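Structure in structure tokens, see below.
The values are calculated or read from the model by the stated rules, or taken from the named source; none is laboratory data. From a predicted model like this one, the values you see are computed outputs, not experimental measurements. To get the accessible areas, we keep the full protein, side chains included, count just its heavy atoms, and leave off ligands, DNA and RNA. Shrake-Rupley method; radii C 1.70, N 1.55, O 1.52, S 1.80 Å.
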Amino acid sequence: MAYQEHLGRRFMDNFVMAHAVAHGVEQMMALGGLLTGACSKRFPTLKAAFFSRAAAAGCRWWLWSLDERVEKFGDDEPLPPVDAPERVLRRNCWVFGRPG
């Protein structure tokens, strides 16, 4: 669930940044929320697909970053993830897009 307004609005005076943030960063945040939230526990057969060059380009780093934080802080969460984010992605998600 999003508690803040859209990130792209921070850059309304810079269209390039607003567009880049609105598409790439917001999609990575959605993927991260899906992988680290309780969604995979509540809906174990749910499948998701992300179609974006930004998601494909940053996916490896993003998974590493999420896995590190779940390993370090996961027990402190009120609803810990079922599995490491990378395992959830491999089991339930597809990411499409040419990274380069």
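At a probe radius of 1.4 Å, what is the per-residue accessible area of D83, in Å² to the nearest 10?
D83 exposes around 40 Å² with every protein chain in place.
With all protein chains present, calculate the accessible area of F11 using a 1.4 Å probe and round the result to the nearest 10 Å².
70
Amide H to amide H, which residues 5 or more places from A48 or on other chains are under 5 Å from it, using H placed in the peptide plane?
C93, W94
Heavy atoms only, 1.4 Å probe, whole protein assembly: order K41, K47, K72 by accessible area, highest first.
Values: K41 130, K47 105, K72 150 Å².
In descending accessible area the options line up as K72, K41, K47.
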